[in-house]
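Here is the structure we will look at.
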Amino acid sequence: MMTTYIPTLRPDVRWMTVPVLLTFVLIVCGPANAEWKKHAVVKEATGMINSAVANDADGDGLIDILSSYDGRVVLLRGPDWKPQTLHIFNAANSRNKPRTSCIHSCLMDVDGDGDLDFCGSNNTVFWLECPDDPNGQRPWTFRTIDDEILGTHCLITGDVNRDGRVDLIANSGRPAGKTMIPDSLTWLEVPQNSHSANNWIRHVFADRDAPGGSHYTAIGDINRDGRPDIACAAKGGQVFPGGEWFAWWQQPSDATTAWSKHVLSDQQPGATNIHPVDVNADGKIDFVATRGHGRGVLWFKGPNFTPIEIDSKIEGPHCLATVDLDNDGDIDIATCGRDVTGIAVWYENDGHGKFTRHHIGRDQGSYDIRAIDMDGDADLDLMIAGHTSKNIVWFENSIAK
């Protein structure tokens, strides 16, 4: 049995800072002709597109895309991507005025009927029920998940309390005075009567313990105790005091009580993304992170979580994918800048945590990136929700072995 040392906090200490290691990994930029083929799904919307998810929603063997923009949630059926409106945002649905698009979204079989429903965050966290006949043209039924948490920048799924049912993890990233659950992280349990319940069962595991502009979360068993833990990142600055951190919360034996916070670093301007993965194949959990409202990609080497810069120059890497892109058995990294002049890149892992940067594409904004086999050729492509580019595109993998 392998024992892994994980740093813990003394009972009287909540915050710890890890100094930045002044060791950098050599970055080699791929040539311009190495760009992946770019496919446009939505060429240009009226407003920003912040998130998109994909699966075979209608069971025809082809990938479809679900997203929200221009005041509605749409299903874009492959291969021609003709949009079908699933829901039109309406202020009557919630106490909170909706934006024209979700800031984030995910897929989840909420009602246990074997198909994937759409969950979105648009001031209200909600779900749309996938009908028994997804080929029909009727709108999907809108239901509220939680309309009291606010500033929900991320929705992910996982079986938090290990009861065999998938839960939803959502942040409440607004300060006191804006919401009754300020600066917090929650996990939301599907009620037994999911079709008639007004709200899901909310568990606040980081109660006023996640200040600043909390962004994206990730779930994984970080300390190898058999219970899933949750990591998060937050940007800071004058508008979001208390941010600029990467941290993870350790789940106790009772998942409904407060969790223990472990700060990896609180000197990370623009922090947005963090994923627990084994980067160097040593059997210990590491973290890959980005500063999407700043600059840079880095990883924290376990078990002591020593920070190592991968690329200190990339601007605004607001999205993050940690997957095996070249089919060589290790974890690679992909990201894209958030502005219209953003570049999409992937970092090839040598299997030991040394990375080489390769070019994917240019002039593409992104808030969201998903690794999925879009064309059925057994490798992972990259789908991007364009944010300031106001588009949805996917880049065809050109390097998988």
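The values are calculated or read from the model by the stated rules, or taken from the named source; none is laboratory data. Computed from a predicted structure; not experimentally measured. Cβ: placed from backbone, ideal geometry, glycine included. Neighbour counts: every protein chain shown. Note: areas computed on protein heavy atoms with side chains; ligands, DNA, RNA excluded. Shrake-Rupley method; radii C 1.70, N 1.55, O 1.52, S 1.80 Å.
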When only residues in segment 125-158 that are among the polar types (S, T, N, Q) and open to solvent by less than 30 Å² (accessible area, probe 1.4 Å) count, which is farthest from the chain's Cα centre (by Cα)? Thr144
Picking from Leu75, Leu66, Leu9, Leu62, which residue would you name as being modelled with pLDDT of 95 or more, of a type outside the set (Ser, Thr, Tyr), open to solvent by less than 80 Å² (accessible area, probe 1.4 Å) and assigned to a loop (DSSP other than H, G, I, E, B)? Leu62
Suppose we filter segment 290-309 for residues that are part of a loop (DSSP other than H, G, I, E, B) and either in contact (Cβ under 8 Å) with a residue 60 or more places away in the chain or surrounded by 23 or more Cβ atoms within 10 Å (Cβ to Cβ) (or both); how many remain? 7
Inside segment 208-224, can you point out the residues that are touching a strand residue (DSSP E or B) at 6+ places or on another chain (Cβ under 8 Å) and not small (Gly, Ala, Ser)? Arg208, Asp209, Pro211, His215, Tyr216, Thr217, Ile219, Asp221, Ile222, Asn223
Those residues of segment 368-379 that are under 17 Å from the mean Cα position of the chain (by Cα) and either open to solvent by less than 20 Å² (accessible area, probe 1.4 Å) or not charged (D, E, K, R) (or both) come to a total of 4
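Determine, yes or no, whether Cys106 is hydrophobic (A, V, I, L, M, F, W, C), outside any strand (DSSP E or B) and under 24 Å from Gly151 (Cα atoms).
Criteria not met by Cys106.
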Does any residue in segment 208-223 that is over 26 Å from Asp278 (Cα atoms) come within less than 8 Å, Cβ to Cβ, of a residue that is assigned to a strand (DSSP E or B) and among the aromatic types (Phe, Trp, Tyr) six or more places away or on a different chain, and which pairs are these? Asp209/Trp249; Gly212/Trp245
Across (1) farther than 16 Å from Thr256 by Cβ; (2) open to solvent by 30 Å² or more (accessible area, probe 1.4 Å); (3) not aromatic (Phe, Trp, Tyr), Asn161 clears everything bar (1)
Flag if Ser94 is crowded, with 19+ Cβ neighbours inside 10 Å and hydroxyl-bearing (Ser, Thr, Tyr): no
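Yes or no, residue by residue, for (1) polar (S, T, N, Q); (2) open to solvent by 20 Å² or more (accessible area, probe 1.4 Å); (3) assigned to a strand (DSSP E or B):
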{"position": "Gln192", "(1), (2), (3)": "yes, yes, no"}
{"position": "Ser196", "(1), (2), (3)": "yes, yes, no"}
{"position": "Val204", "(1), (2), (3)": "no, yes, yes"}
{"position": "Asp209", "(1), (2), (3)": "no, no, no"}
{"position": "Ile219", "(1), (2), (3)": "no, yes, yes"}
{"position": "Ala234", "(1), (2), (3)": "no, no, yes"}
{"position": "Asp254", "(1), (2), (3)": "no, yes, no"}
{"position": "His262", "(1), (2), (3)": "no, no, yes"}
{"position": "Val288", "(1), (2), (3)": "no, no, yes"}
Would you point out the residue of segment 164-190, among those that are β-branched (Val, Ile, Thr) and in contact (Cβ under 8 Å) with a residue 40 or more places away in the chain, that is most open to solvent (accessible area, probe 1.4 Å)? Val166
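Of all residues in segment 238-249, which are open to solvent by 10 Å² or more (accessible area, probe 1.4 Å) and either under 26 Å from Thr306 (Cβ atoms) or touching a Cys at 6+ places or on another chain (Cβ under 6 Å) (or both)?
Gly242, Gly243, Glu244 - these are the residues of segment 238-249 that are open to solvent by 10 Å² or more (accessible area, probe 1.4 Å) and either under 26 Å from Thr306 (Cβ atoms) or touching a Cys at 6+ places or on another chain (Cβ under 6 Å) (or both).
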Every residue from segment 342-389 that is among the basic types (Lys, Arg) and either within 23 Å of Leu107 (Cβ to Cβ) or part of a strand (DSSP E or B) (or both): Arg357, Arg370
For segment 335-360, give me each residue that is surrounded by fewer than 24 Cβ atoms within 10 Å (Cβ to Cβ), of a type in the set (Gly, Ala, Ser) and touching a Phe, Trp or Tyr at 6+ places or on another chain (Cβ under 9 Å). Gly353
